[in-house]
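Just below is one structure, and these are the notes that go with it.
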Amino acid sequence: MTDIRCTCRTPLNTGATIWLTGLPSAGKTTIARALADRLRAEGHRAEVLDGDEIRRFLSAGLGFSRADRDANVQRIGLVAEVLARNGVKAVVPVIAPYADSRAAVRQRHAASGADYVEVHVAAPVEVCRERDVKGLYARQKAGEISGLTGVDDPYEVPEAPDVRVESHAQTVRESADAVYAALAERGLV
């Protein structure tokens, strides 16, 4: 007997990249993990491509010049696009400070037919400085580091993201639910 499998596109087997961009300590990774947990609980294949982990492994050796930041974003974008094309929901919390880098990642997805959802995790720099999850703002203030995105290095706010969450004005769950709702509108969940 021949095994015939449905290759139709359903929300459970549809991949996508959910790209969360924002300042350091805006809440990107926390929201990404909450969203990925919900997706997995519903039976979706979901992976979080954490920007810090990628920097340690896939982008080891890159610095924080504009060229290195662009290279890092493109590497992450490639991995996310490959996962998305293969039925995985890649949830990507990365700063990705430059609009042209993010646009290139979106274009890569469009060229391959992979779904891409850009989420701006918005929080004022004052709130991010208070949260200072990794101590970056304190280190920058003490003069130990320079080039901190949003302080002494630019962050180009997305002009037209698919979703904008105000992470300082809502809970993690509310933010993750807003992203989930956008995915539902697109038929991705």
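Counting only C-alpha contacts under 8 Å and six or more residues apart, can you give the relative contact order of segment 70-178 as a whole percent?
Averaging sequence separation for qualifying contacts and normalising by length gives 29 percent for segment 70-178.
In percent, what relative contact order does segment 46-126 have, based on Cα pairs under 8 Å that are 6 or more apart in sequence?
Relative CO of segment 46-126 lands at 34 percent.
Using only DSSP helix segments of four residues or longer, with each worth -39500 (n - 2.57), what per-residue ellipticity at 222 nm results for the chain after dividing by its residue count and rounding to 500?
The helix-only estimate for the chain comes to -13000 deg cm²/dmol at 222 nm.
Just going by the charge dipole of the chain, with Lys and Arg at +1 and Asp and Glu at -1 on Cβ, which of Val127, Gln107, Leu148 is farthest out on the positive end?
Gln107
Taking Cα pairs under 8 Å and at least six residues apart, what relative contact order does the chain come out at, in percent?
Relative contact order here is 33 percent.
Out of Val165, Asn72, Pro97, whose Cα points farthest toward the positive end of the dipole of the chain (charges: +1 Lys, Arg; -1 Asp, Glu; placed on Cβ)?
Value: Asn72.
Find how many whole Å separate the alpha carbon centroid of segment 36-83 from the alpha carbon centroid of segment 111-154.
Going from one Cα centre to the other spans 16 Å.
Check every DSSP H run in the chain and write down those whose alpha carbon atoms cover 18 angstrom or more along the long axis and whose mean Kyte-Doolittle hydropathy is 0.0 or greater.
Membrane-span-like by this rule: 172-185.
Return the single residue from Thr171, Thr29, Thr14 with maximal mean-square fluctuation; model: Gaussian network over the chain, springs between Cα atoms under 10 Å.
Judging by the Gaussian network model, the answer is Thr171.
Based on alpha-carbon positions alone, could you give the equivalent ellipsoid semi-axes of the chain from the gyration tensor, as √(5λ), descending, whole Å?
30, 18, 14
Coordinate-derived values only; no laboratory data. Everything numeric here is computed off the predicted structure, so don't read it as measured data. Cβ: placed from backbone, ideal geometry, glycine included. Neighbour counts: every protein chain shown.
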